[in-house]
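Got a structure for you, written out below as structure tokens; questions coming shortly.
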Amino acid sequence: MTTGRYVTFEGIEGAGKSTVAALAAERLRDVGMSVVEVREPGGTTAGEQIRSVLLDGDAHLEGWTEALLFAAARAQLAAEVIKPALMSGSWVVGDRSVYSSLAYQGGGRRLGIEAVEAINRQGLGDVWPDHVVLLRIDASTGLDRQDVEDRIGSEGAEFQSHVAEAFDLLAKLEPDRFTTVEASLPLDHVLDEVMRGLLGVSR
Ligand code: TYD
């Protein structure tokens, strides 16, 4: 049986990953793929409730509380949506994934990449992104481009640069899984590079 591929778009605030993820999903459909789009945190009833605790609430969250809530929302999404989609042969295009937790909680919050990976593995089972598209942008440019600030997005430039460093490290550790694209390039160019990374072609 053929299973689909799980692709995720990652980057710091203002990298434009939501826009690029949606356009890449469209291009994949254009070449005949069945595509399911998901965003994190969220994408399930429980996950959207957890999202609002994480992003909209004014309660103080300890670093590990935050990491565990992201992992909980993700476990639900993997079981309810991602795994069934992959099993049915669809591609899954994620706007963020476990790699955001590795960079934001592991790097940004200083919890450690390996420790954050460990708390995510159990809930994900064998669901793990096959391909990670990292949209790179300078931390201060990203913050200028950011449209809506949430609890984590408002952490400031130093936090953003720790997150960016962690993403770069992850890309270096897993060069076969990552396609890294400069987000400051024109959108068409970014998209062509993304598709080359995903399919080995530009269209
Ligand atoms: P998102 O909804 O993608 O918003 P943005 O458009 O700002 O990227 O992500 C919400 C925030 O949650 C963003 O600041 C990144 C953060 N985040 C984490 O810290 N860890 C995670 O595991 C995920 C999925 C997101």
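The values are calculated or read from the model by the stated rules, or taken from the named source; none is laboratory data. This structure is a prediction, so every number in the text was calculated from the model and none was measured. Methodologically, a virtual Cβ is constructed for each residue, glycine included, from the backbone with ideal geometry; neighbour enumeration extends over all protein chains shown. Please note that ligands, DNA and RNA were not included when accessible areas were found on the heavy atoms of the full protein model with its side chains. Shrake-Rupley method; radii C 1.70, N 1.55, O 1.52, S 1.80 Å.
Kindly sort SER34, SER101, SER161 by accessible area of their heavy atoms, largest first, with the probe set to 1.4 Å.
The ranking, largest first, comes out as SER34, SER161, SER101.
Next question. Using the per-residue mean of other Cβ atoms lying within 10 Å as a proxy for protection, in what order, highest first, do the peptides 135-144, 181-190, 15-24 fall?
Going by the mean number of other Cβ atoms within 10 Å, highest first, we get 15-24, 135-144, 181-190.
Give the accessible surface of the chain per residue, rounded to a whole number of Å², with probe radius 1.4 Å and ligands, DNA and RNA excluded.
47
Under a 1.4 angstrom probe, counting protein chains only, how are ASP192, ASP168, ASP176 ranked by accessible area, largest first?
ASP176, ASP168, ASP192
Select from LEU111, ILE82, ALA22 the residue farthest towards the positive end of the dipole of segment 6-199; place +1 on Cβ of Lys and Arg, -1 on Cβ of Asp and Glu, and compute about the Cα centre.
ILE82
Ordering HIS131, HIS60, HIS162 by accessible area with a probe of 1.4 Å, largest first, what comes out?
Ranking HIS131, HIS60, HIS162 by accessible area, largest first, yields HIS60, HIS162, HIS131.
Summarise the accessible area of segment 6-199 (1.4 Å probe, protein heavy atoms) by the percent that is carbon and sulfur.
Carbon plus sulfur share of accessible area: 50 percent.
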